[in-house]
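The next block holds one structure in the form of structure tokens; read it before the comments.
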Amino acid sequence: MLKNTQSKLTSSLSLLLVAILFFVLVFINNQLLSSVRLDLTENQVYSLSEGSKQVLKEIDEPINLYFFFSDKASKNMTSLRNYANRVESLLTEYETLAEGKLKLQVLDPVAFSEQEDQASQFGLTAANIGAAGEAVYMGLAATNALDEQKVIAFFDPQKESFLEYDISKLIHQLSEPESVKLTLITDLPISGGQNPMTGQADPEWTFYSQLQQLYSVETLGSDTTHLPEDTDVLLLIHPQNYSENLLYEIDQYALQGGKVLTFVDPHNESDQMAMMTGLMEGANSSSLYQLFNAWGIEFDTSKVLLDAMAGLDIRTPTGDVARHFGFVGFNAEQLDREDIVSANLELLNGASFGVLTKLKGSQSNWQPLIKSTVNSDLIDTNLYAQTRDPLELSKVYQTSNTQHVLAARVLGKASSAFAEAPEGSDNSNYIDSTNKLNVMVVADTDMLADRFWVQQSNFFGQMIATPFANNGDFITNAVENMGGSDALISIRSRGTFARPFTKVDELTVVAEQKFREQEQLLQQQLDETEQQLMQLQGQQGEDGSLVISPQQQVAIDQFMQKRVSIRKSLREVRHQLDKDIEGLGNVLKLLNIAVAPLCLILLLALLRALFRTKPKKAKVKKEGVSA
């Protein structure tokens, strides 16, 4: 009896100790191991990039984050809720790594609540989703110590790959209120306005909107003669007919350590004004000959690149689809993967690129950023401008088996293009050479036009720009890099959280294609039957009765049997489709529910056995020594 009582007491104490040990371990885990992470996803979607971590390190004053998500109003919206969880998880990661510099609040703005008023005050957008048109918020507002605020009006699931970049950019803007001062000189209608071809108002170009969101942009025309003194980066787009005074300003700015990013072109075909004035019948070129010659850059506006491998498929005026050797898209293989500007880009589209080469005798450092494929050729610019038919261009194409440089950095030593200041310019700070030249040249301006890289769509009443190429990222990266901050460069595009069952989708597509083929065949046979029946109905006897010959009756019977056979095949195709998908689903379930946990258990058992074996061996060895 006493022994049983002692045994029960021992068991109770053991359970109590186990419970205490459990809570102690949970407490230790929460206090000491909460910052420990192991992200095994393919694209590290749960981890922040080094750029984001650098942004967090640069925070001087605390920043408040307010994540608004309509949790109750979105109960039946599974995909939206999954994405909201993804956003919240990433924001929590930011808060954890910020070590107290970020304070995150998650709010549910239900209808007529204070949270809804707060979201409205921040200017967040409520999307009307669902059959009842519920107002759903999923946006982020942030404020810094100076009460400046930035918002992400709505997290568009289609922009998931840019989620981390958008959040980091918002934090960076609040932690570094003094943004880069960008001076932009161009005569192209990048800020929008009335289209001379259609008479309708065009929106501003998307790349220009992005630059304005990130930097302090001052836009000037080619008639300016002086550069703003506080310019951090000088951006020149399609330079034409610059005055001597302006060229001198640019030359001296570059020689005195200024950063110059310029887009030139042997033929700009996105210039609506040039098209109206008839210039499109010939070349619409731009260059900085005088400065390029002094800086060691050769740019020939008389030649346009054709690239058979990089050519894009376009729709011709006749409605056909043809490959245009002058409209080109360059993927990662043609981009410099070691330069921070182009390292993470996947595709750049453009048209009528020119070619850059390093001048003989130049002492500058030459770093190509974009190259053509070896399947390229150069043709006369005027011939290209007058040839509208892609097929005609393909006929004049002859491969040169040469890669051409289409964009490059030019760094280091360079001389001034001027022996002295022109009349009307300040000569007091004139220098004739430098070893600090920092110029980036891109031999195309069409790549900045929206039609080559971004698609505008209406998302619940709000215009959303969805990029299909990285042209906008390229110019933003370039300005960011030349403006002095590299923190955001590495987080332009990340992997997506969604993991679709691609194999199931492939099976579905193949099976549905077979199903449609059978369906079309059956429909064709049914149409023929109806036509034959209509003909038979027209064959009436003298008394108006329906007359069918024995041969016709045999033909109809044979066709009916054939139709039954085809319907049976159709059912088999559908059955096989469902069977394949169901079978694949069962395999996936087995792997996730049984095999994966079993492997984990075996791994733990193996580790336990290893840790238990070593002490035993050590003990045996010790006993042997004692004996």
Item to check | Tabulated pairs, segment 326-349, first among the acidic types (Asp, Glu), second part of a strand (DSSP E or B), C-beta under 7 angstrom, 6+ apart or interchain | outcome: ASP336/PRO368; ASP336/LEU369; ASP339/GLN367; ASP339/LEU369; GLU346/ASN331
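Taking the conditions exactly as written (within 20 Å of the chain's Cα centre (by Cα) and either open to solvent by 30 Å² or more (accessible area, probe 1.4 Å) or modelled with pLDDT of 65 or more (or both)), does ASP505 satisfy them or not?
Details: within 20 Å of the chain's Cα centre (by Cα): no; either open to solvent by 30 Å² or more (accessible area, probe 1.4 Å) or modelled with pLDDT of 65 or more (or both): yes.
Criteria not met by ASP505.
In segment 165-184, what residues are assigned to a helix (DSSP H, G or I), farther than 21 Å from TYR208 by Cβ and open to solvent by 10 Å² or more (accessible area, probe 1.4 Å)?
Of segment 165-184, the ones assigned to a helix (DSSP H, G or I) are 165-175.
Then keep just the ones that are farther than 21 Å from TYR208 by Cβ; that gives 167-168, 171, 174-175.
Across segment 165-184, the qualifying residue is only SER175.
Could you check segment 176-213 and list, in sequence order, the residues that are under 30 Å from LYS101 (Cα atoms) and under 25 Å from the mean Cα position of the chain (by Cα)?
Pass one, segment 176-213, residues under 30 Å from LYS101 (Cα atoms): 176-182, 209-213.
Scanning segment 176-213 gives GLU176, SER179, VAL180, LEU182, SER209, GLN210, LEU211, GLN212, GLN213.
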Checklist entry - If we scan segment 334-349, do we find a residue that is open to solvent by 10 Å² or more (accessible area, probe 1.4 Å), modelled with pLDDT of 90 or more and within 16 Å of ASP300 (Cβ to Cβ)? => result no
Checklist entry - Condition test on LEU411, is it touching a Phe, Trp or Tyr at 6+ places or on another chain (Cβ under 9 Å), at pLDDT 85 or above, in a strand (DSSP E or B) and surrounded by fewer than 17 Cβ atoms within 10 Å (Cβ to Cβ)? => result yes
Checklist entry - Right, ILE566: closer than 30 Å to LEU521 by Cβ and either of a type outside the set (Asp, Glu) or at pLDDT 70 or above (or both) or not? => result yes
Next on the checklist: Please pick out the residue among LEU25, LEU107 that is surrounded by 10 or more Cβ atoms within 10 Å (Cβ to Cβ), modelled with pLDDT under 85 and not acidic (Asp, Glu).
Outcome noted: LEU25
Next on the checklist: Report every pair of residues separated by at least 6 positions or lying on different chains whose Cβ atoms are under 9 Å apart, first residue within segment 433-447 and free of Cβ contacts under 8 Å to residues at least 24 places away in the same chain, second in a loop (DSSP other than H, G, I, E, B).
Outcome noted: ASN435/GLN363
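Suppose we keep only residues that are open to solvent by less than 70 Å² (accessible area, probe 1.4 Å) and more than 29 Å from the chain's Cα centre (by Cα) within segment 301-318. Which one would you say is farthest from VAL441 (Cα to Cα)?
Residues of segment 301-318 open to solvent by less than 70 Å² (accessible area, probe 1.4 Å): 301-302, 304-308, 310-312, 314, 316.
With the extra rule that they be more than 29 Å from the chain's Cα centre (by Cα), the set shrinks to 301-302.
Values: THR301: 14, SER302: 17 Å.
The qualifying residue farthest from VAL441 (Cα to Cα) is SER302.
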Checklist entry - Between a first residue in segment 38-57 that is surrounded by fewer than 19 Cβ atoms within 10 Å (Cβ to Cβ) and a second residue that is of a type in the set (S, T, N, Q) and modelled with pLDDT of 70 or more, which pairs have beta carbons less than 7 Å apart while being 6 or more apart in sequence or on different chains? => result ASP39/SER47; TYR46/SER89
Checklist entry - In segment 150-164, which residue that is open to solvent by less than 30 Å² (accessible area, probe 1.4 Å) and either out of contact with any Gly (no Cβ under 9 Å at 6 or more places or on another chain) or not in a loop (DSSP other than H, G, I, E, B) (or both) is nearest to GLU95 (Cα to Cα)? => result GLU164
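The values are calculated or read from the model by the stated rules, or taken from the named source; none is laboratory data. From a predicted model like this one, the values you see are computed outputs, not experimental measurements. Neighbour counts run over all protein chains shown; Cβ positions are idealised from the backbone, glycine included. SASA here: full protein model, heavy atoms, side chains in, ligands and nucleic acids out. Shrake-Rupley method; radii C 1.70, N 1.55, O 1.52, S 1.80 Å.
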